[in-house]
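Structure first, commentary second.
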Amino acid sequence: MWSVVVVVWAVVLGRLAAAATPYVCYASDQDPYLQFGTRTAYEFSTGRTAGPAGQSDVRGIPGCKPLMVWMVARHGARNPNGAEAERLRQITKLRDEINRNYEERNSKLCPTDAQNLQQWQYTFNSAEEDGISQQGREDMNLMGKRVRTKFEELFSAQEYTEQSYVFKHTNTQRAKISAESFAEGLFPSTQVRFQSNGNNDTLLKSYHNCLAWEGLVDGNPETLRPMEKFLALPEFNRMVYEVSQRLGFRYNLTQDTILYAYDICRYEKANNIKIVSPWCALFTPDDLKLIEYAEDLRFYHNTGYGNSINLRIGCPLVQDMMYRFRNVANGVADQPSGVFYFTHLTSVMTLLARLGVANDQPAPSYNNYASQTRRQWKTSALAPFGSNLMAVFFNCTGSSGSVDQKVVFYLQESVLPMPGCDAGLCTWDFVREQFMPLADECNVNRTCAGKDAAAHATLSVAALIISLVATLVSRF
């Protein structure tokens, strides 16, 4: 009996103590949660060893000589695009309502956070919408400097030529400036030349003008269904209620309003890692993790394992890497020492999926959030601004004097563990056995035309439905 009383009192006192704990201001939080999905600042991406100090895990390997570095990178941090900016400008109305609630003593924001929000102004320049920010330029420049430092012998043993170092970017301002900023860090006193194939780039934008992907994945409402189901769960609605209460509202804000506040928080942080965005103060770490998971579900199906078409359109980059490495392995003359591609989120994520990276079992689903806390498929880790996959081909001298060919993969400049490899150090034979079949069977034109057996019938039906809908709409 007494033991029961003691337990009850312990619970009561614990809750009283928790209630008495002062609110921790976000502005003074020394360890805030900074994983914001696909809008995560590069310096804060999960799993990186590179922090604000600018260090990285990319390093030479004793007894090994690098022969080629091959890299694919997403562009650096950008400003909101036109559609996003139009929505985010409306956030000033919410700010005014939150300020009114605080003045009426209904809000639970701490004074510093409330004051920061009162003083906040929308600062993104409409002339720079969808363009790379200064933070994005700096991130890419520092990345180039780190790669040069870690593989100095690849870049100092010979002078720059367009044949020795390949730089290619998509036909967008943010990819172009990212490539230029990276190149300035890699070759600080050299004028680098860049390649671009315009809009018909089946290597760096294999998804662009791809009928199968656009019809069956990106434009298919079913792709968003798992995320929508998650957003409808009690856990997510509870978060909406708690945020609304925290801000002093006597009614629930809409999910869209909550997500717009989240967007301005993460855009401001990604584009200036030194500032504290007052909009981030609206959320607890648990709130942010829920929203992050919703976006993870979206991209799992839009660019990852949720649809096999995503893997098939990820193959051109695998093919490029493998054929270049095969030339190096076979001693083909005049191979470049560095290949650097600058593209977009979809290309990076479909490449990772094609290589089998972050393939969780069980897969992330709308109804298993609680068991996915240690999932590998986190867009904050896989596809932050500036995300990159780097593969380096080495010749390694063994103890007997023999030369072994090795490959190391790096994700966000940290060694990427690959099943079947020794602490990330893969034999070329293993890499060839794993990925050369994917390269040889790659036919993105066939996939995009809907000629793959699995996709053809579905694509035909989808095209018919789209045609019928268009006809009906034209009649009204």
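The values are calculated or read from the model by the stated rules, or taken from the named source; none is laboratory data. Given the structure is predicted, the values throughout are model-derived calculations rather than measurements. Please note: Cβ atoms are built from the backbone with ideal geometry, for glycine as well, and neighbour counts cover all protein chains shown. Accessible surface areas use protein heavy atoms only, side chains included; no ligands, DNA or RNA. Shrake-Rupley method; radii C 1.70, N 1.55, O 1.52, S 1.80 Å.
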For T257, the lone unmet condition from (1) touching a Phe, Trp or Tyr at 6+ places or on another chain (Cβ under 7 Å); (2) open to solvent by 30 Å² or more (accessible area, probe 1.4 Å); (3) among the β-branched types (V, I, T) is (1)
Would you be able to tell me the number of residues in segment 229-247 that are assigned to a helix (DSSP H, G or I) and either aromatic (F, W, Y) or touching a residue at least 40 places away in the same chain (Cβ under 8 Å) (or both)? 11
Return the only residue of R374, R432 being open to solvent by 10 Å² or more (accessible area, probe 1.4 Å), in a loop (DSSP other than H, G, I, E, B) and modelled with pLDDT of 95 or more. R374
State whether one or more residues within segment 353-360 are assigned to a helix (DSSP H, G or I), without any contact (Cβ under 8 Å) to a residue 60 or more places away in the chain and in contact with a helix residue (DSSP H, G or I) (Cβ under 7 Å, 6 or more places away or on another chain). yes
Options K269, K274; residue that is open to solvent by 10 Å² or more (accessible area, probe 1.4 Å) and either under 17 Å from the mean Cα position of the chain (by Cα) or among the hydroxyl-bearing types (S, T, Y) (or both): K269
Only one of E214, E184 is assigned to a helix (DSSP H, G or I), surrounded by fewer than 17 Cβ atoms within 10 Å (Cβ to Cβ) and not aromatic (F, W, Y). Can you tell me which? E214
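Give me the helices (runs of 4 or more DSSP H) completely within segment 277-329, filtered to those with at least 3 residues that are within 25 Å of F124 (Cβ to Cβ) and of a type outside the set (S, T, Y), ordered by residue number.
285-302
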In this structure, does K150 turn out to be farther than 18 Å from T343 by Cα, at pLDDT 95 or above and over 19 Å from the mean Cα position of the chain (by Cα)? no
Restricting segment 312-356 to residues that are closer than 18 Å to F194 by Cβ and of a type in the set (F, W, Y), which is surrounded by the fewest Cβ atoms within 10 Å (Cβ to Cβ)? F340
Pairs, please: C-beta under 7 Å, at least 6 apart or cross-chain, first residue within 13 Å of S206 (Cβ to Cβ) and in a helix (DSSP H, G or I) and in segment 436-449, second at pLDDT below 95 and open to solvent by 20 Å² or more (accessible area, probe 1.4 Å)? V444/T202; R446/D452
Residue check, R266 against (1) in contact with a helix residue (DSSP H, G or I) (Cβ under 6 Å, 6 or more places away or on another chain); (2) without any contact (Cβ under 8 Å) to a residue 12 or more places away in the chain; (3) among the charged types (D, E, K, R), all met but one. Which one? (2)
Residues (in a strand (DSSP E or B), of a type outside the set (S, T, Y) and surrounded by 13 or more Cβ atoms within 10 Å (Cβ to Cβ)) located in segment 413-426: V415, L425, C426
Going through (1) without any contact (Cβ under 8 Å) to a residue 60 or more places away in the chain; (2) crowded, with 20+ Cβ neighbours inside 10 Å one by one, D286 fails only at (2)
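Mind listing whichever residues of segment 382-412 are open to solvent by less than 20 Å² (accessible area, probe 1.4 Å) and either closer than 26 Å to L297 by Cβ or in a loop (DSSP other than H, G, I, E, B) (or both)?
L382, A383, P384, F385, G386, S387, N388, L389, F409, Q412
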If we ask which residues in segment 301-314 are hydrophobic (A, V, I, L, M, F, W, C) and within 19 Å of the chain's Cα centre (by Cα), their number turns out to be 2
Does M418 qualify as being under 18 Å from W70 (Cα atoms), without any contact (Cβ under 8 Å) to a residue 12 or more places away in the chain and of a type outside the set (G, A, S)? yes
